[in-house]
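Engineer: Got a structure for you, written out below as structure tokens; questions coming shortly.
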Amino acid sequence: MFSFFKKKPPPPAADPVVAPTPLPDALPALARSTAASPAAAAAETAAAPPPPERKGWLSRLTQGLRKTGSSIAQVFTGTRIDDALYEDLESALLMADAGVGATEFLLADLKRRVKDTKTTDPAAVKRLLAQAVADLLRPLQKSLQIGSASPTVIMVAGVNGAGKTTTIGKLTRHLAAAECKVLLAAADTFRAAAREQLAVWADRNQVQVVSQEGGDPAAVTFDAVAAGRARGCDVVIADTAGRLPTQLHLMEELKKIHRVIGKAQEGAPHEVLLVVDGNTGQNALAQVKAFDAALGLTGLIVTKLDGTAKGGVLAAIARWGAEQGRVIPVYFIGIGERVEDLQTFDAHEFAQALLGE
């Protein structure tokens with residue numbers, strides 16, 4: 001069950017004063033649940049046990065983060081809680097690319113928790129650290145909203161090699177399975193392989209794609225948004241060319257695409273997502289800062305966390321957001337090539353998997 005979507009139904013015709021309440025159901029259940037009251041839907045969701053697919057995902061996530069978490073977990077194999085333990089933990093967090101700010105914050109938070117609980121067992125301190133990490137990451141946990149606009153326009157950016165087009169394909173599969181009508185825009189017009197790759201995903205997912213060889217990327221996205229509106233699509237996803245933030249002329253092109261999407265549909269793009277490779281560590285944070293300054297990001301997708309030794313970068317992103325008062329949520333994380341290896345981000349799950357709790 002891929003239950004991150006919260007689609008906003010239109011207000012009832014008989015009572016236009018009542019605002020629609022987002023339902024907690026996954027989109028596949030919307031056709032059955034939109035007639036029910038929000039309270040009944042919420043009660044039904046709360047009573048439902050966690051799907052077995054999520055349990056399998058957690059096992060794969062734990063395995064994927066093993067390289068990051070093992071060095072941190074080794075700190076707690078001794079029998080004493082002393083300055084040496086905290087020094088080793090500081091080194092482990094920095095090696096995991098948590099960054100200086102997040103590392104200092106987590107150490108101070110952990111020491112406070114140890115003092116408040118009078119903990120003397122290193123294993124218990126490890127559990128306290130998992131709680132501290134989860135609390136730090138929790139502001140990043142947010143659901144992607146689909147249905148607030150028709151269509152919902154999603155612009156996806158990222159550097160070359162981050163897994164951007166593949167991630168779009170996986171997301172499209174989940175959207176299509178959730179009975180959303182999706183249209184893809186192949187706005188990476190200068191790389192034939194990107195268009196071909198997106199076309200393959202479109203064929204697999206039985207969705208349409210707007211493509212143009214060697215054309216203007218902004219024009220392609222304009223045509224796609226216009227087509228999405230005319231065809232009654234629920235979602236339009238624009239795949240843009242990968243580029244480094246230091247390539248200023250290409251970043252200007254991204255800004256142009258953003259502006260043209262707004263001309264095609266007022267208020268669009270509704271989501272501007274950045275796909276980042278979790279293996280790049282602190283460089284991922286640098287990308288977040290640069291693309292946010294250029295486009296105003298609304299969400300992140302962190303890929304390739306399987307086998308990474310730098311999974312602590314999510315803590316660095318969270319701490320930077322807290323310091324800036326600019327929290328950019330992590331909508332999804334990816335740990336492999338399969339469609340089911342892209343899942344919604346949950347702070348508690350991530351912290352538990354990171355520390356093997």
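The values are calculated or read from the model by the stated rules, or taken from the named source; none is laboratory data. Only a predicted model underlies this, so the values are computations on that prediction, with no experimental measurement involved. A quick note on method: Cβ atoms are made from the backbone with ideal geometry, for glycine too, and the neighbour counts reach across all protein chains shown.
Engineer: Mind checking whether some residue in segment 293-310 is in contact (Cβ under 8 Å) with a residue 24 or more places away in the chain, surrounded by fewer than 20 Cβ atoms within 10 Å (Cβ to Cβ), assigned to a helix (DSSP H, G or I) and over 14 Å from the mean Cα position of the chain (by Cα)?
Structural biologist: yes
Engineer: Return the total of residues in segment 246-269 being buried (at least 20 other Cβ atoms within 10 Å of the Cβ) and part of a loop (DSSP other than H, G, I, E, B).
Structural biologist: Number satisfying all stated conditions: 3.
Engineer: Okay, moving on. Please identify the pairs in which a residue from segment 329-353 that is within 12 Å of Leu137 (Cβ to Cβ) has its Cβ atom under 6 Å from the Cβ atom of a residue that is of a type in the set (Lys, Arg) and not in a loop (DSSP other than H, G, I, E, B), counting only partners at least 6 apart or on another chain.
Structural biologist: Listed by first residue and then by second, the contacts come to Ala347/Arg138.
Engineer: Residue check, Val220 against (1) over 16 Å from the mean Cα position of the chain (by Cα); (2) at pLDDT below 90, all met but one. Which one?
Structural biologist: Going through the list (1) over 16 Å from the mean Cα position of the chain (by Cα); (2) at pLDDT below 90, Val220 breaks only (2).
Engineer: Only residues that are out of contact with any helix residue (DSSP H, G or I) (no Cβ under 8 Å at 6 or more places or on another chain) and more than 23 Å from Gln145 (Cα to Cα): list them for segment 322-337, please.
Structural biologist: Hit for segment 322-337 is Gln324, nothing else.
Engineer: A follow-up question, please. Among the residues of segment 71-111, what is the count of those that are within 27 Å of Thr303 (Cβ to Cβ) and either surrounded by 18 or more Cβ atoms within 10 Å (Cβ to Cβ) or touching a residue at least 40 places away in the same chain (Cβ under 8 Å) (or both)?
Structural biologist: 15
Engineer: Can you find even one residue in segment 341-350 that is more than 10 Å from the chain's Cα centre (by Cα) and β-branched (Val, Ile, Thr)?
Structural biologist: No, there is no match, as no residue in segment 341-350 is more than 10 Å from the chain's Cα centre (by Cα) and β-branched (Val, Ile, Thr).
Engineer: Could you pull out the residue among Ile146, Ile154 that is within 30 Å of Val225 (Cα to Cα), out of contact with any Ser or Thr (no Cβ under 8 Å at 6 or more places or on another chain) and touching a residue at least 40 places away in the same chain (Cβ under 8 Å)?
Structural biologist: That would be Ile154, the only listed residue that is within 30 Å of Val225 (Cα to Cα), out of contact with any Ser or Thr (no Cβ under 8 Å at 6 or more places or on another chain) and touching a residue at least 40 places away in the same chain (Cβ under 8 Å).
Engineer: So how many residues does segment 181-192 have that are at pLDDT 80 or above and more than 14 Å from Ile168 (Cβ to Cβ)?
Structural biologist: Residues in segment 181-192 being at pLDDT 80 or above and more than 14 Å from Ile168 (Cβ to Cβ): 1 in total.
Engineer: Out of Glu252, Glu213, I need the residue that is acidic (Asp, Glu), modelled with pLDDT under 95 and under 24 Å from Ala294 (Cβ atoms). Which one?
Structural biologist: Residue meeting the stated conditions: Glu252.
Engineer: Right, next: Quickly run through segment 133-147 and pick out the residues that are part of a helix (DSSP H, G or I) and surrounded by fewer than 21 Cβ atoms within 10 Å (Cβ to Cβ).
Structural biologist: Hits for segment 133-147 are Ala134, Asp135, Arg138, Pro139.
Every residue, every condition in (1) in contact with a Lys or Arg (Cβ under 9 Å, 6 or more places away or on another chain); (2) outside any loop (DSSP other than H, G, I, E, B), yes or no:
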position	(1), (2)
Ser70	no, yes
Val75	yes, yes
Thr79	no, no
Ala84	no, yes
Gly101	yes, yes
Leu106	yes, yes
Lys111	no, yes
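Engineer: How about segment 226-245: which of its residues are surrounded by fewer than 20 Cβ atoms within 10 Å (Cβ to Cβ) and farther than 29 Å from Ile335 by Cα?
Structural biologist: Those that are surrounded by fewer than 20 Cβ atoms within 10 Å (Cβ to Cβ) and farther than 29 Å from Ile335 by Cα: Ala226, Ala227, Arg229, Ala230, Arg231, Gly232.
Engineer: In this structure, is Glu44 over 22 Å from Ile335 (Cβ atoms) and modelled with pLDDT of 90 or more?
Structural biologist: Against the criterion (over 22 Å from Ile335 (Cβ atoms) and modelled with pLDDT of 90 or more), Glu44 does not qualify.
Engineer: Take the conditions surrounded by fewer than 21 Cβ atoms within 10 Å (Cβ to Cβ), over 18 Å from Gln265 (Cβ atoms), at pLDDT below 90 and over 24 Å from the mean Cα position of the chain (by Cα) and apply them to Gln197. Does it pass?
Structural biologist: Judged against the criteria, Gln197 is not a match.
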